[in-house]
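One structure is given below, encoded as structure tokens.
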Amino acid sequence: MTNVAADREEEIVGLFSRGDASAMDRLYADHAGYLTAVCARYIADDDTLKDVLQESMIKIFTQIGSFEYRGRGSLRAWMSRIVVNESLQMLRRHQRQPLALLDTEPPDLPDEAPDTEGIDGDTVTRLIRQLPEGYRAVLNLYAIEGRSHREIAQLLGIKPDTSASQFHRAKNMLARLIKEYKRSKV
């Protein structure tokens, strides 16, 4: 993020603190695309994604008064946490179980790392959205959000070794999806 973007974050926070009517529009214009991409990593259905994003924006707008600007990227990070939490809540609400997890036994397969070289971010996000819900949630929380398997287990109501197993399987499935995508482009 550039200094200009960081200055825009601070400016937006200032607009909110002064009660400026343009604050919501500015925040939305600057960050909606990024927050949509964050949400899309967790939520595969477009209608549900829109609902989660709307709930997230409401929460952001109503709670921004309690946000404390801590420098470059702090606003974006704070909003991302809200979107991730809202996404996880939506996944929990739509499941009879904590999350639809596939096989929870340790995998027998060798570890396969996804090769994303030459693939744009939108395509990677689209491929991640094809993963089963449980795989997608664990992959995002571990690989992108940097959560430990213990933290993921607490968030999703599963065991830490189940989280590790789901991550391994998600990574292998994503690697296969990427290989298939690359073969289709040749």
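The values are calculated or read from the model by the stated rules, or taken from the named source; none is laboratory data. Given the structure is predicted, the values throughout are model-derived calculations rather than measurements. Backbone-built Cβ (ideal geometry, glycine too); neighbour counts: all protein chains shown. Keep in mind that these areas ignore ligands, DNA and RNA; they rest on the heavy atoms of the full protein, side chains included. Shrake-Rupley method; radii C 1.70, N 1.55, O 1.52, S 1.80 Å.
Being open to solvent by less than 80 Å² (accessible area, probe 1.4 Å) and either over 17 Å from Ala32 (Cβ atoms) or part of a loop (DSSP other than H, G, I, E, B) (or both) is the filter here, so list the residues in the stretch 64-94 that pass it.
Within the stretch 64-94, Gly65, Phe67, Tyr69, Gly71, Gly73, Ser74, Asn85, Leu88, Gln89, Met90, Leu91 qualify.
Conditions (1) surrounded by fewer than 20 Cβ atoms within 10 Å (Cβ to Cβ); (2) acidic (Asp, Glu); (3) under 19 Å from Glu117 (Cβ atoms), marked per residue:
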position: Arg147; (1), (2), (3): yes, no, no
position: Arg150; (1), (2), (3): yes, no, no
position: Leu156; (1), (2), (3): no, no, no
position: Asp161; (1), (2), (3): yes, yes, no
position: Ser165; (1), (2), (3): no, no, no
position: Arg169; (1), (2), (3): no, no, no
position: Arg176; (1), (2), (3): yes, no, yes
position: Val186; (1), (2), (3): yes, no, yes
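Taking Asn140 as meeting all but one of (1) modelled with pLDDT of 90 or more; (2) of a type in the set (S, T, N, Q); (3) more than 15 Å from Leu174 (Cα to Cα), write down the number of the exception.
So the condition that Asn140 fails would be (3).
Within the stretch 13-36, does at least one residue satisfy the condition of being in a helix (DSSP H, G or I), touching a residue at least 60 places away in the same chain (Cβ under 8 Å) and over 22 Å from the mean Cα position of the chain (by Cα)?
yes
Need the failing condition index for Asn3 against (1) polar (S, T, N, Q); (2) open to solvent by 40 Å² or more (accessible area, probe 1.4 Å); (3) modelled with pLDDT of 95 or more, just the number.
All conditions are met except number (3).
Please go through the stretch 32-51 and pick out each residue that is closer than 13 Å to Asp122 by Cβ and open to solvent by 60 Å² or more (accessible area, probe 1.4 Å).
Within the stretch 32-51, just Tyr34 meets the criteria.
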